[in-house]
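The values are calculated or read from the model by the stated rules, or taken from the named source; none is laboratory data. In this text the structure is predicted, and so the values were computed from the model without any measurement. Backbone-built Cβ (ideal geometry, glycine too); neighbour counts: all protein chains shown. SASA here: full protein model, heavy atoms, side chains in, ligands and nucleic acids out. Shrake-Rupley method; radii C 1.70, N 1.55, O 1.52, S 1.80 Å.
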Amino acid sequence: MKSSVSKLENKLSNCKYIFVVGGVISGVGKGVAASSIGLLMQARGHKVTSIKIDPYINIDAGTMNPTEHGEVFVLDDGDECDQDMGNYERFLGVDLCRTNYMTTGRVYEEVIRKERNLEYKGKNVEVVPDVPFEVIHRIKEATRITGSDITIIEIGGTVGEYQNVLFLEAARMLKTKNPADVAFVLVSYLPVPSNLGEMKTKPTQYASRTLNSAGVQADIIIARGPIALDKKRKEKIALFCNVPEDNVISAPDVKSIYDIPLNFEKDKMGETLERVLSLPKRTANLSNWKKFVSKTKNGKEKIKIAVVGKYFDSGDFVLSDVYISILEALKFSSYESGVGIEIACVNSKDFESKKIPLSMLKKFDGVIVPGGFGESGIEGIISAIRYARENKIPYFGLCYGMQLMVIEYARNVLGLKDANTREVNPNSKNLVIDIMEDQKAKIESKNMGGSMRLGAYIAHLKKGTVAHKAYKADMITERHRHRYEVNNAYRERLENAGLVFSGHSPDGTLCEIAELPTSSHPFFLGTQYHPEFKARPLAPHPLFTAFIKACQGKKKV
Ligand code: GLN
């Protein structure tokens, strides 16, 4: 333990740490707030990295059901993590790695590994301080590896939950040892109950006090709410939550999350952080971001896209967060193409139950099928793909969306009526999608967590194809998350029937992209990988842009 304590006592080598914590309710945009703060500091010339802490026992987000936890975001190194990591990458324009993501499971796993390896040298290993020490160690590691001078750490959940207490304790320890190098930002919520019509500050006061009971005082309070904070309530929060008035930042609901950094800057968030962290005052260069934001306001003409997925239903509510990277990727490419966009989330199970007719797809300019797992909703998706193919509606399939596109083609063009994927029906005689060789043993030994084909892999593109024209490159790197692949035994027959495999793994064995030539369809393309994870506001993804262009073309017909 002694060595850990002395490690903690080392100065933080000029690094600054900004903890972002939540109060009152979850889902008020802590991730976007953390991302926006990162962007403001980056715009001041700092090297910024971001860490997400999820209080779950799960080692990663890969084993969580998307309808419970939202999108599983995948990094270049294959880590399956929280969707907020996607926000960080998009706002900061950086590629993060495994060390930037932490869960309770991950922290405990490492503490136990060290204990088994005698690394605690015979001491009692205790929840406090050894678990917070491990948290601090990981924060410093991420800072070191990325060479950052500012690290933003978002602690998941809200203050007052048992689950995140040890993370708050780690943050408190860091602040105690290095008061000038650590800042706390509390993202709170101020409701306006409809029967009162007045914004209430009391929940925020409680949240601030709950944070105090963990030994932490907020330096800055972000007041989220349906409307802007007025002067009177700003004063109230300042007085009762023990922060200077200037450190209370109003954050009303906005149409586009990309306005938030600019709103924060107007409210002097950057300057306030510089003051709290004793940083020299710098001017922010936000010109590229401003250019991007101005494009989000253009585009009077609107194209309509249907995202046909299977993870939308959550009780009586529709969840679109599950596909957030896809929605954002679509927006970036439409902004770039100068066109507005309207995205509808369509539950494929509603096609199966005939709650909605397939012909409703007619009113859309494009159809997207995202990734997914398992049997439910699959037949609805396949019939939607068929509809898009036969009615020449631009179609873009991502991972499962590509596999199901190949199944649809095999069934309805090749005539293999029972074509399927082993994932859904292992007894099918025509498994046009089959398990990858190295995945068999993993499934048999029930080694399911973090064991898919994950992360960035290289693919080679075939010249003259839709994919090659979009990327304008012979070789690409994209992020993956799958266990199944196109069965090579069917490749030739599918090709003879008109399907083009335009991207392959470097050894040629794995089909990465399937498409139809533009002579037979305006845009009918699927990728085995997830291009959405690499789409950025300042660098839209070429395939999404090609898809949007095809949708614009369809609209004009
Ligand atoms: N379920 C499919 C597979 O494992 C597709 C996965 C996905 O869409 N991410 O191969």
Determine the shape class of segment 64-113: with a ≥ b ≥ c the square roots of the Cα gyration tensor eigenvalues, call it rounded for a/c under 1.5, and otherwise prolate if a/b is greater than b/c, oblate otherwise. oblate
To the nearest 10 degrees, how steeply does helix 202-213 sit against the main Cα axis of the chain, on a 0 to 90 scale? 70
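On full extension of the chain, what length is gained from GLN217 through LYS290, given 0.36 nm per residue of separation minus the C-alpha to C-alpha distance?
This chain segment gains 23.0 nm when fully extended.
Report in % the part of the accessible area of the chain that belongs to carbon and sulfur, leaving out ligands and nucleic acids; probe 1.4 Å. Walk me through the numbers on the way to the answer.
Values: 12110 of 23250 Å².
Whole-percent figure for carbon plus sulfur exposure: 52.
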How far, in degrees from 0 to 90, does helix 30-42 lean away from the longest principal axis of the Cα atoms of the chain, to the nearest 10? 80
Is it possible to state the helix-based mean residue ellipticity at 222 nm for the chain, with each DSSP H run of 4+ residues giving -39500 (n - 2.57), the sum divided by total residues, to the nearest 500 deg cm²/dmol? What is it? -11000 deg cm²/dmol
Computed for segment 401-557: size of charge dipole around the Cα centre, +1 on C-beta of each Lys and Arg, -1 on C-beta of each Asp and Glu, debye to nearest 20, value 580
Could you check the simple spin-label distance between ASN447 and ASP77, using points 7 Å along Cα→Cβ, in nm with one decimal? 2.0
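Which trypsin sites (Lys or Arg not before Pro) in segment 289-386 sit in a loop by DSSP (not H, G, I, E or B) and have at most 10 other Cβ atoms within 10 Å of their own Cβ? Display every interim value, and only then the final one.
Details: sites: LYS290, LYS291, LYS295, LYS297, LYS300, LYS302, LYS304, LYS310, LYS331, LYS349, LYS354, LYS355, LYS362, LYS363, ARG386; in loops: LYS297, LYS300, LYS310, LYS354, LYS355.
Loop-located and lightly packed - LYS300, LYS354, LYS355.
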About the Cα centre of segment 11-127, what is the dipole size in debye to 20, counting +1 per Lys and Arg Cβ and -1 per Asp and Glu Cβ, all else neutral? 740
Computed Rg/Rh of the chain, alpha carbon atoms with Kirkwood Rh: 0.99
Apply 1/(1 + (r/R0)^6) to the Cβ-Cβ distance of LYS462 and TYR162, taking R0 = 51 Å, and write down the FRET efficiency to the nearest 0.05. 0.40
Relative contact order, percent, segment 88-234 [alpha-carbon distance under 8 Å, six or more residues apart]: 18
The chain, relative contact order [Cα under 8 Å, separation at least 6], %: 15
Can you compute the charge dipole magnitude of the chain about its Cα centre, using +1 on each Lys and Arg Cβ and -1 on each Asp and Glu Cβ, nothing else charged? Give it in debye, rounded to the nearest 20. 1400
C-alpha long axis of helix 287-296 to longest principal axis of the chain, angle in °: 50
Between segment 34-76 and segment 79-142, how many Å separate their Cα centres? 13
Apply 1/(1 + (r/R0)^6) to the Cβ-Cβ distance of VAL125 and LYS472, taking R0 = 51 Å, and write down the FRET efficiency to the nearest 0.05. 0.40
Given the chain, longest segment not containing exposed loop GluC sites (Glu not before Pro) (DSSP; at most 15 other Cβ within 10 Å): 376-557
Test of understanding: what is the full-extension gain from THR63 to SER519, defined as 0.36 nm times their sequence separation minus their Cα-Cα distance? 160.0 nm
Karplus 3J(HN,Hα) series, Hz, for segment 415-429 with 6.51 cos²θ - 1.76 cosθ + 1.60 (x for Gly, Pro): x, 8, 4, 9, 3, 7, 10, 4, 4, 9, 9, x, 8, 4, 7
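May I ask what percent, to the nearest 5, of DSSP beta bridges between residues of the chain are antiparallel?
35
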Could you give the length gained by full extension between GLU495 and GLU115, i.e. 0.36 nm per residue of separation minus their alpha carbon distance, to one decimal place? 131.2 nm
Could you calculate the FRET efficiency of ASN263 with SER505 from 1/(1 + (r/R0)^6), where r is the beta carbon distance between them and R0 is 45 Å, rounded to 0.05? 0.50
